[in-house]
Structure formats: structure tokens, C-alpha cells
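Asks: Just dropping this structure here.
The values are calculated or read from the model by the stated rules, or taken from the named source; none is laboratory data. Everything numeric in this text was worked out from a predicted model, so none of it was measured. Every residue, glycine as well, gets a Cβ built from its backbone with ideal geometry; the counts of neighbours run over all protein chains shown. In case anyone asks, the SASA skips ligands and DNA or RNA and just uses the protein heavy atoms, side chains included. Shrake-Rupley method; radii C 1.70, N 1.55, O 1.52, S 1.80 Å.
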Amino acid sequence: MKQAIVLNINGQDYEVLIESNWSLLKVIREVVGFTGTKKGCDQGECGACTVLMDDQAVLSCITLAVDAQGTRIVTIEGLGEEDKPDEVQTAFVEEGAIQCGFCTPGMVLATKALLKRNSNPTEEEIRDGLAGNLCRCTGYHKIVAAVKTAAGSLTK
Amino acid sequence: MTDYAVLSKRIPRTDAWEKVTGKGKFAEDIILPGMLYGKILRSPHAHARIISIDTSEALKLPGVKAIITGSDFGSFRYGMTPTTRDETPLARGKVRYIGEEVAAVVAIDMDVAEEAVRLIKVEYEPLPAVFDPEEAMQPGAPLIHEDHPGNISVSFNTNFGDIDKAFADSYYIREDEFYSQTNLHGFIEPHSILAEYDPSGRIKVWPSKQSPYFLYRNLSNAFDVPLSKVRVIQPIIGGGFGGKNGSYALDFCAVMLSKKTGRPVKITLDQEEIITAARRRHAFRGKLRIGVDREGKIQAYDVRVVLDGGAGTGIGPTTLALTHYFMYLPYVVPNIRYEGYRVYTNKPISVAQRGNGILQIRYAAEVQLDKVAEALNIDPLEIRLRNAVKPGHVTVNKMNVNSCGFIESLHQAAEAINWREINKQPVKDFGKFNGRYLSGVGIAGNAHSSGCRIRGHNSCSAVIKLHEDGTVSLIHGATDSGQGAETVLAMITAEVLGIEVQDVQVSRVDTELTPVDPGSYGSRVSSTAGNAVLIAANDCKRQMAEIAGEILSVDPDKLNFRNGQVFLEGAPVKSISFRRLSQKVTSHGAGRTIIGKGSWGQDIEPINFDTGEGDVSASYSFGTQAAEVEVDTWTGKIRVVKMVVAHDLGFCANPLGVEGQHEGSIYQGIGHALFEECSMEDGRTINPSFTDYTLATFKDMPPVMESINIETNEPTGAFGMKESGEGTTVSTVPAIVNAIHNATGIWFHEMPITPEKVLNALRERGEG
């Protein structure tokens, strides 16, 4: 039996009709329609489904939608646009930290969460902080560079 | 040194913004009204006859709209070559591996579809199965494909020169056997397709494919629909690496289920399906016998290769052929005998994966070369310099080397890893070592095809359409699966026309509108599509110059296009802006539409699978990689501390993109050497998720990666370009293996080199 819940996503309240066992990922993508958040493994292993929940990075594929009630969810769509981008997005673009782009939304949001709790991370802290996000294309090198650049821009 | 306006600059990808904002659509993101969801039923047996399939219970489940099995596709078979059509959309008659697709269900949502799959009853008669290629070749082994005795999928034998004499004259001979494991492409975006079959007999699909035109042909054949009515529209692709080239069950099933239901159908695999049943890299066993002279110069090779093909052929013939052809480069090989087999086993099908056979054979050859160096007390760098091919080299099997910066790459990589200093250190007495960490460096060379010349359709085409406001549309058939090809093609266009990259709107494949293209594999996009785009851009430029010449009263051949201007060199008053010229051409005379077009294909014969002679591509990339590793003798863990890539890529069109490709190549090479393996027992995958199939994380990558570009200006490449994304995976593996030996004195003949294997080896040697 479906139940109605309210989720606050990207600053807006959405009333959705869902099953209690639906993941936050499923609701974001299929009910609300924000397809920027990706389903990579659906098992909490790859990080592609990362969203922010009250400024913390969470894996939306292993978070129940019902448990997201009363929190502030931010998906990649809520971060910025090309004409008004977030500093992290700009850094990723300019440093060449994007190849196929599938891990990118999750990676960008994980970066946001990292920089929120540590505004000037060392390389080791960056690698540690993002270790839950897998990328098959870049070798992570330019992502680390982008995070450093973004940290620099954000502390200005 | 040419002063380019756009090329050779560090330019962000043309598709970066749509990816970083989450706006760009991958296949799974595309939805259509009324869309249904499909799920595939897979075989639990490695080898079995299908006795019956009962879908009645499943069909009764509310929400199920249709179920199909192999018989729904009639006698349709497909494959990569005309003589290797051994694949069917769903299994017919028997199943040949655990996970092979047997039926497909479509329903109103995934929960119903998954439930329905569980309700399908299949009766199997299990058959004996075989999992090892050597066993599969033995008489009496279970026969996997009735028309392939001995389970031989492909065999290939060549003989050049006189190896018996060469071995007899050799100063030193040795024989080694190497094993390279099966691993996965590992793309984070699962296979996905959305299909819409129009009752009027038109097919429209949005699939995640590196080579959409293969699917377009296969769908046309499978559904008996003319090519002009098969529309494959390319979404953004989340990585391919060779694993999204072919056509698979989900593709055919999505179209068939759409046909049967009259509704759009989406099928997306999950990672467990991919890890346990989708295509993967060929496992390789190579026995190499090498003879060298007193100076370590190669006299002869006798090579036997066995590839594990899994249950079907796919692009296997090319993989096997490449293990042959890349024995001849990057070192001079005067005499060689090669015997190669690709063998069927009851496991998922092996296909191309970044480095496609070249990675496997060069791993074996490069590690063996280090063994020879050690035996003869020759520096591993020096032995490579003595054997290196040079520009203009023609191999004994008639491969022609145009540009070649291999020797330069050896020097540069060695310098960047500080080779001479490190190698001067006294030989470690490993027996007396009682510390914790051991360090070492290793070096390995590589060569790779740049624009593989395959059979069948080989050329690329491009069309450039001018808009009145001075922007252009670039319409081409190549596919960017993440490697950055789209950006390079836009840069070529912008360079020729003298405009900005952002004024070039690059299309993605839509088979109704874009030119037919072989696709994104064999490292061909920059070199092949790049040339087509160059020709199209020059065509467009010539047409515009003609009109500008009339407007300015100047010889069109003397006009330059740069910085948005069209001008006579040395006479700035004789100029017009590109934008203004674009406006004027539409009203010039009767009004012109400017469309530039170009086509290009490698002017060589297709790979010869019979004689083993001739080129496999118009040019070859070369390179050297050097690795510094640290071995923890307490845990067996290996850390790659530094990696250097020195790559002859002809010309570096976009340093930002090229570095990304080098770093990604190293990532996959490290994964291959140290972490990844499809672990199977009796055909069953025992590490079916990312928890146990280890993809390297941020913490596993070397903090220092140096990328050195060597520009040799290849005459057959657009602006001198060669590949720079696949060859760069090839010598990562042996460089690491050689570095581990330098650190520990231990040679590893199989991969991945896990901590367990390291500890066992150390223990066997009597330490740790």
C-alpha cells in the first residue's frame, strides 16, 4: 500500500506517493524526475548515487525514501547551472576532471560535503574523503586537482 | 613549431557542462510515456540443453505485458564477421554459460518484472561443462559449439624467417609462460537501452553503445527492417572500454518486447548481471621462447598463445590476431613462429577490452625481456634501446612503421623515474632483508595500433554545416564514450575555420542523419574520424574562401582563417569577419548553403587472418612506462608510488584530454596488475559485486603520475595525431611487474598480484 510523504529536494517540497521499501534514489529519479543522480550499482558500493542530506553525503540507493523525510536533500540539479555554476562544478570542468561523466554528479556532491567539513583538505584527506566514489575513467588524478582548486576558490 | 589557435591548448571538454550539471541524458535517464520495464531470465547452468520453457505462471502475474524466448527470434544469428555468427539474442536449444540469457519479461515496473522472471519455469538437461581452454582443446572434452571441433573458436599460425637457425645461433635462449586473467571493462554506467518499435515498421532506440552502427545493422537484420528505418540515437555513454561495442540480449529483447506490446521498453542491467554474465577481457596464457645474441638483441621468438574465448566468438578473431601482430613491435624481431588458439569454454563471452590482446602479449614479452636482461647482466633500459624499432622500420611480416618515437620515449620515461640513479644501487641481498618495505622501479615498452583497419565498413565521414551567424554544426558518426573524441573533433573544426570551439556544435550519432561510422574501438576516432572532419572543414573553408575572395577581390588561396577573421596575410584591410562572411554567403549571388563534407579510411588492406602479413592500422603509437613501487613485506600489499607515461602520440591535440587518458589508462593497468579478476569456480562467479570485484579507489592510485607527450607528427594522422588512450594501458602492467621484481627479486608470471600471492612468494623464498 503506497503512502504519501513529503521530501524537500533542492529547496522545494515534493509530495510523493511511494512504497515504504523504495530507496531515495528511486524516488529522486523515477518519481520526482531528477535524473542527474545516477544508479551505478544499487548496492552502496560505487557512490554514483551520492546526494547531500543536510549537507552530508549519503548513498541514496541504500537510503530509504521514508527516512529522508524532514531533511534537506540536494541533488546535482540543485547545485548550479552553466551560467551560474557552483565553484566545485567550475573546478571539475576546468581541471579536466570529467570524462564519461557518469560518476560526476556523485563525485561533485561528495566533494561539496567534504569541503563543508574540511575547507582546506590535504591530498591525503581528499583521497580519503572521496574513497567511497568510484571512477573508471579518470584515474582520480584530475578530480584531486579539481577539489584542491575548488577549495582554493571557496576559501577566497 | 606550428602556432595553433585552438589545437594543442588545454581546453575543457565540449560536453563537460552538461555532465557536471546532471543535465546530460544517459540511456537510463531517457523516459517515454507508457514505458515498460524489462528483465532477463538467465541460465543457472554452465552447459545444458533447454528442454522446455513454461511462461504460463509468469504471464498470469498482473502487470506482465509480454514474455519472449529464443524462438521468438526465428533463425536469426549474428556475429562480428560473416563466418562467426554464433550468437543469438536469447539462447536456442542449449545454454553455454551460467548467466546466458534465456527469456525476457516486460512489465509495468521492475518489481513485477523481477517477480515474473522468478515464475518462468525452465526445464534443463545439464551437460558436462569445461572451463579451462587447454582442457577444452583435449579430445573428449564437452563440445560447446557443434560446428567447432576441439572447441577451437579461432586458430592462427604463422612463421617468418628461419627460427631453427636463429635459435641455433643464439647466445642465450629461455622459455617462460605467463598468465593474464579475465577482468572486466568496469564501466560504472550499466548497459541500458530504451526501445520503441513503431507499428509502421520503424525502430527507434537509445542504447549505451560505443559503436551504434553495429546495432543498427543487427537490428535491421533481426527484425527485417530496412536500415533507413532503424534509428539508433546515441545518448551520453558512461564508459565502454570495448564492452559496449557488440549487440547483446537486452538490445534485441527491448525491441522485440516493444514490438509485441506496442509500448516503449527500457532494459537496464544491474552490476551483478554485468559482473557475472556480460562480456569481458580474454584470459591469456602465453608461452614464449626467446633467443638473443650476446648483446641481448632478439634473434627469434617461438610463441604459443591460448586465449579463453568463453562461449561465443564476438570480436575474438581480432583479439587473437593482435596477440600475433604485436610480437613484431616495438622491438626488431627477425625470426618468429607463432601458434595461437582462441578456445571456447563454458563461461561468458570474451571480447575486446582496452588493449585488446596487445596488453596481454606485451605483458608477457616485456617481463621476459627483463628476465633476459637479468640473465645477461644488461640494464633493462639498455636492452630495450638495443632492440627498439626506428621510424621507417618494416617488420618481417610487412608491417610499416611511419612515425616512431619509441627510443625517445625510453629515454624520457627513464629520466623521469630517475632510472640511472636508482639502477646504480647495489643488488639487494633479499635473503638478508629484515625490514618492512622494499622499493623498486620497472620499465616496459609498448606499441599499439592507431586506427585499427577492420574488415567491412572502415571509413569515417563528416559534414559541416554553416549557420548564418558564423556558428557551425559538425555532423559525424563517431562516438565519444567518455574518452574526449567529441572535443578533439570540435577543435579540429575550430582550428581550420578560425573560430572558437564553442561555436562548433557537435552532433551525436543518430543513424537516420549522421554518416555511417565503424564506431569507437581500435583507437580510431582521433585518427580516422579526425581526418574526415579535417577534410570536411577544409571543404567548408574552401567554399567560403571562394566567396570571400570575390567580396575582397583577393585570390581565395591566399586567405587565412583565424581568430574569427578571414584575411589576406600581411594586408589587414583585406579582411572580413567569419560571422559577417557567413551572413553574406547566404545572399551572395543566388544565395549559397555552405556544407563541407569529408571521408577518410586507412589506405591499407584489412587485417589478414590467413597470412599474418601486413599492417593492422595506418600508423602505430609507441611508448614507454616506468613504475616505482613499494612492497609491504608484512602485508604483501603493493603500492604504486609513481608512474610515468612517455607516449608517442604523433601530435597532442588537447593536453588536458590526453593527460586524462594517460591517467585513466594507468588506472586500468594498475587494476589489471594488482586488483581485478573475475573469480570463477566451475563457471560460477564468486565475486559478483563491487564489494569483491575490486575497482581501485582514490587511495590506490599513485600520488605522482607524469605524462610526457612525444610528438612525431604522423603523416597519416589529422594534424599528425595518433592514438593516446589504449596503447597507454599496455605497458602499465609489465612496468609494475618489472618494478616488483626489482624490489623483491621475485618474478610474477600471473596476475592479479594480490597481497596473498606476494606473501606466499616471500615465504617460499624464506622470509616474512
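Asks: Tell me which residues, restricted to the range B:45-61, are of a type in the set (A, V, I, L, M, F, W, C), open to solvent by 60 Å² or more (accessible area, probe 1.4 Å) and more than 15 Å from B:Leu127 (Cα to Cα). Give the derivation first.
Replies: So the first thing to find is which residues in the range B:45-61 are of a type in the set (A, V, I, L, M, F, W, C), and the list is B:46, B:48, B:50-51, B:53, B:58-59, B:61.
Restricting the remaining residues to those that are open to solvent by 60 Å² or more (accessible area, probe 1.4 Å) gives B:51, B:59.
The answer is B:Leu59, and nothing else.
Asks: What number of residues in the range B:587-605 are open to solvent by less than 60 Å² (accessible area, probe 1.4 Å) and closer than 20 Å to B:Leu559 by Cβ?
Replies: The number of residues fulfilling the criteria is 4.
Asks: Tell me which residues, restricted to the range A:119-131, are of a type outside the set (A, V, I, L, M, F, W, C) and at the interface with chain B (Cβ under 8 Å from one of its Cβ atoms). Even if it seems obvious, please write down each step before you answer.
Replies: Step one: filter the range A:119-131 for residues of a type outside the set (A, V, I, L, M, F, W, C), giving A:119-125, A:127-129.
The answer is A:Glu123, A:Arg127, A:Asp128.
Asks: While we're on this one: Return yes when B:Ile290 is of a type outside the set (Ser, Thr, Tyr), outside any loop (DSSP other than H, G, I, E, B) and within 14 Å of chain A (Cβ to nearest Cβ) and no when it is not.
Replies: Working: of a type outside the set (Ser, Thr, Tyr): yes; outside any loop (DSSP other than H, G, I, E, B): yes; within 14 Å of chain A (Cβ to nearest Cβ): no.
No; evaluated as a whole, the condition is false for this residue.
Asks: Output the number of residues of the range B:33-74 satisfying the condition of being within 14 Å of another protein chain (Cβ to nearest Cβ) and in a helix (DSSP H, G or I).
Replies: 0
Asks: Under the condition of being away from chain A (no Cβ under 13 Å) and part of a loop (DSSP other than H, G, I, E, B), which residue from the range B:649-678 is surrounded by the most Cβ atoms within 10 Å (Cβ to Cβ)? Working first, answer last.
Replies: The first filter runs over the range B:649-678 and keeps only residues away from chain A (no Cβ under 13 Å), leaving B:649-653, B:673-674, B:677-678.
So of that shortlist, the ones also part of a loop (DSSP other than H, G, I, E, B) come out as B:649-653, B:677-678.
Numbers: B:Leu649: 30, B:Gly650: 32, B:Phe651: 24, B:Cys652: 21, B:Ala653: 29, B:Glu677: 20, B:Cys678: 20.
Among those that are away from chain A (no Cβ under 13 Å) and part of a loop (DSSP other than H, G, I, E, B), it is B:Gly650.
Asks: Check A:Ile98, A:Ile143, A:Ile126 and return the single one that is among the hydrophobic types (A, V, I, L, M, F, W, C), modelled with pLDDT of 95 or more, open to solvent by less than 10 Å² (accessible area, probe 1.4 Å) and touching a Cys at 6+ places or on another chain (Cβ under 8 Å).
Replies: A:Ile143
Asks: Name the single residue, out of those in the range B:224-238 being open to solvent by less than 20 Å² (accessible area, probe 1.4 Å) and in contact with a Phe, Trp or Tyr (Cβ under 8 Å, 6 or more places away or on another chain), that is farthest from the other protein chains (Cβ to nearest Cβ). Working first, answer last.
Replies: Kept after step one, since they are open to solvent by less than 20 Å² (accessible area, probe 1.4 Å), are these residues of the range B:224-238: B:225, B:230, B:232, B:234-238.
Cutting the leftovers down to in contact with a Phe, Trp or Tyr (Cβ under 8 Å, 6 or more places away or on another chain) gives us B:230, B:232, B:234-238.
On the way: B:Val230: 25, B:Val232: 19, B:Gln234: 13, B:Pro235: 11, B:Ile236: 6, B:Ile237: 6, B:Gly238: 3 Å.
For the range B:224-238, the residue satisfying everything is B:Val230.
Asks: Now for a different question. For the range B:731-744, does any single residue satisfy the condition of being within 14 Å of chain A (Cβ to nearest Cβ), open to solvent by 10 Å² or more (accessible area, probe 1.4 Å) and in contact (Cβ under 8 Å) with a residue 60 or more places away in the chain?
Replies: no
Asks: Now for a different question. Can you report the number of residues in the range B:11-32 which are in a loop (DSSP other than H, G, I, E, B) and either without any contact (Cβ under 8 Å) to a residue 40 or more places away in the chain or in contact with a His (Cβ under 9 Å, 6 or more places away or on another chain) (or both)?
Replies: We begin by selecting, within the range B:11-32, every residue in a loop (DSSP other than H, G, I, E, B); these are B:11-15, B:21-25, B:30-32.
Next, from what is left, pick out any that are either without any contact (Cβ under 8 Å) to a residue 40 or more places away in the chain or in contact with a His (Cβ under 9 Å, 6 or more places away or on another chain) (or both): B:21-23.
So the answer is 3.
Rundown of residues vs (1) within 14 Å of another protein chain (Cβ to nearest Cβ); (2) modelled with pLDDT under 95, yes/no style:
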{"residue": "B:Ser211", "(1), (2)": "no, yes"}
{"residue": "B:Leu219", "(1), (2)": "no, no"}
{"residue": "B:Ala222", "(1), (2)": "no, no"}
{"residue": "B:Gly243", "(1), (2)": "yes, no"}
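Asks: Which one of these does A:Asp83 not meet: (1) surrounded by fewer than 24 Cβ atoms within 10 Å (Cβ to Cβ); (2) more than 8 Å from chain B (Cβ to nearest Cβ); (3) touching a helix residue (DSSP H, G or I) at 6+ places or on another chain (Cβ under 9 Å)?
Replies: (3)
Asks: Given the options B:Tyr341, B:Tyr363, name the one that is part of a strand (DSSP E or B), at pLDDT 95 or above, hydroxyl-bearing (Ser, Thr, Tyr) and out of contact with any Cys (no Cβ under 7 Å at 6 or more places or on another chain). Lay out the reasoning, then the answer.
Replies: Values: B:Tyr363 fails: part of a strand (DSSP E or B).
Matching residue, one of B:Tyr341, B:Tyr363: B:Tyr341.
Asks: Right, here's the next one. Could you grab me the full set of residues in the range B:702-730 that are open to solvent by 40 Å² or more (accessible area, probe 1.4 Å), in contact with a Leu (Cβ under 7 Å, 6 or more places away or on another chain) and either within 13 Å of another protein chain (Cβ to nearest Cβ) or part of a helix (DSSP H, G or I) (or both)?
Replies: B:Phe719
Asks: Looking at (1) open to solvent by 10 Å² or more (accessible area, probe 1.4 Å); (2) within 9 Å of another protein chain (Cβ to nearest Cβ); (3) of a type in the set (A, V, I, L, M), which is the one condition that is false for A:Ala48?
Replies: Of everything listed in (1) open to solvent by 10 Å² or more (accessible area, probe 1.4 Å); (2) within 9 Å of another protein chain (Cβ to nearest Cβ); (3) of a type in the set (A, V, I, L, M), A:Ala48 misses just condition (1).
Asks: Another question, if that's okay. Which residues, counting only those in the range A:27-42, are touching a strand residue (DSSP E or B) at 6+ places or on another chain (Cβ under 9 Å), on the phi < 0 side of the Ramachandran plot and either open to solvent by 60 Å² or more (accessible area, probe 1.4 Å) or more than 9 Å from chain B (Cβ to nearest Cβ) (or both)? Steps first, please.
Replies: Just the residues of the range A:27-42 that are touching a strand residue (DSSP E or B) at 6+ places or on another chain (Cβ under 9 Å), to begin with: A:27-28, A:31-32, A:34-35, A:37-39, A:42.
When the remaining residues are screened for being on the phi < 0 side of the Ramachandran plot, the result is A:27-28, A:31-32, A:34-35, A:37-39.
Result: A:Val27, A:Ile28, A:Val31, A:Val32, A:Lys39.
Asks: Does the range B:685-693 contain any residue that is on the phi < 0 side of the Ramachandran plot, away from chain A (no Cβ under 14 Å) and open to solvent by 10 Å² or more (accessible area, probe 1.4 Å)? Please lay out each step first, then the result.
Replies: From the range B:685-693, those on the phi < 0 side of the Ramachandran plot are B:685-693; that's our starting set.
From what's left, away from chain A (no Cβ under 14 Å): B:685-686.
Keeping just the survivors that are open to solvent by 10 Å² or more (accessible area, probe 1.4 Å) gives B:685-686.
Yes: one or more hits.
Asks: Got at least one residue in the range B:474-495 being surrounded by fewer than 22 Cβ atoms within 10 Å (Cβ to Cβ) and farther than 24 Å from B:Gly242 by Cβ?
Replies: no
Asks: Given the conditions (1) open to solvent by less than 10 Å² (accessible area, probe 1.4 Å); (2) over 23 Å from B:Val616 (Cα atoms), report the number of the one that B:Leu466 does not fulfil.
Replies: So B:Leu466 meets the others, but not (1).
Asks: Okay, moving on. Which one of these is over 17 Å from B:Lys371 (Cβ atoms) and either among the β-branched types (Val, Ile, Thr) or in contact with a helix residue (DSSP H, G or I) (Cβ under 8 Å, 6 or more places away or on another chain) (or both): B:Ile298, B:Ile275? Spell out how you get there, then give the answer.
Replies: Values: B:Ile298 fails: over 17 Å from B:Lys371 (Cβ atoms).
After ruling out the rest, the residue left standing is B:Ile275.
Asks: Follow-up question, since we're still on this one. Only one of (1) farther than 28 Å from B:Glu659 by Cα; (2) open to solvent by less than 40 Å² (accessible area, probe 1.4 Å); (3) more than 8 Å from chain B (Cβ to nearest Cβ) is not met by A:Lys116, so which one is it?
Replies: Single failed check for A:Lys116: (2).
Asks: Right, another one. When the residues of the range B:585-605 are narrowed to those that are of a type in the set (Gly, Ala, Ser) and modelled with pLDDT under 90, which ends up nearest to B:Thr716 (Cα to Cα)?
Replies: First, the residues of the range B:585-605 that are of a type in the set (Gly, Ala, Ser): B:587, B:589-591, B:596, B:598-599, B:601.
Filter again for modelled with pLDDT under 90, leaving B:587, B:589-591, B:601.
Working: B:Ser587: 38, B:Gly589: 38, B:Ala590: 38, B:Gly591: 36, B:Gly601: 10 Å.
Ranking the qualifying residues of the range B:585-605, first place goes to B:Gly601.
Asks: Would you mention how many residues in the range B:606-628 are assigned to a loop (DSSP other than H, G, I, E, B) and either open to solvent by less than 30 Å² (accessible area, probe 1.4 Å) or at pLDDT below 90 (or both)? Steps first, please.
Replies: Kept after step one, since they are assigned to a loop (DSSP other than H, G, I, E, B), are these residues of the range B:606-628: B:606-616.
The next check asks that each one be either open to solvent by less than 30 Å² (accessible area, probe 1.4 Å) or at pLDDT below 90 (or both); those that pass are B:606-610, B:612, B:614-616.
Of the residues in the range B:606-628, 9 are assigned to a loop (DSSP other than H, G, I, E, B) and either open to solvent by less than 30 Å² (accessible area, probe 1.4 Å) or at pLDDT below 90 (or both).
Asks: Going by the conditions given, is B:Lys39 closer than 30 Å to B:Ile686 by Cβ, touching an Asp or Glu at 6+ places or on another chain (Cβ under 6 Å) and not aliphatic (A, V, I, L, M)?
Replies: On the way: closer than 30 Å to B:Ile686 by Cβ: yes; touching an Asp or Glu at 6+ places or on another chain (Cβ under 6 Å): yes; not aliphatic (A, V, I, L, M): yes.
Against the criterion (closer than 30 Å to B:Ile686 by Cβ, touching an Asp or Glu at 6+ places or on another chain (Cβ under 6 Å) and not aliphatic (A, V, I, L, M)), B:Lys39 qualifies.
Asks: So, B:Asp29, is that one touching a strand residue (DSSP E or B) at 6+ places or on another chain (Cβ under 9 Å) and within 14 Å of chain A (Cβ to nearest Cβ) or not? Show your work before the answer.
Replies: Working: touching a strand residue (DSSP E or B) at 6+ places or on another chain (Cβ under 9 Å): yes; within 14 Å of chain A (Cβ to nearest Cβ): yes.
Here the answer is yes, as B:Asp29 does meet what is asked.
Asks: Another question about this same structure. Being surrounded by fewer than 20 Cβ atoms within 10 Å (Cβ to Cβ), in contact with a helix residue (DSSP H, G or I) (Cβ under 6 Å, 6 or more places away or on another chain) and in a helix (DSSP H, G or I) is the filter here, so list the residues in the range B:168-223 that pass it.
Replies: B:Ser220
Asks: Residue check: is B:Ala414 buried (at least 24 other Cβ atoms within 10 Å of the Cβ) and part of a helix (DSSP H, G or I)?
Replies: Numbers: buried (at least 24 other Cβ atoms within 10 Å of the Cβ): yes; part of a helix (DSSP H, G or I): yes.
The answer is yes for B:Ala414.
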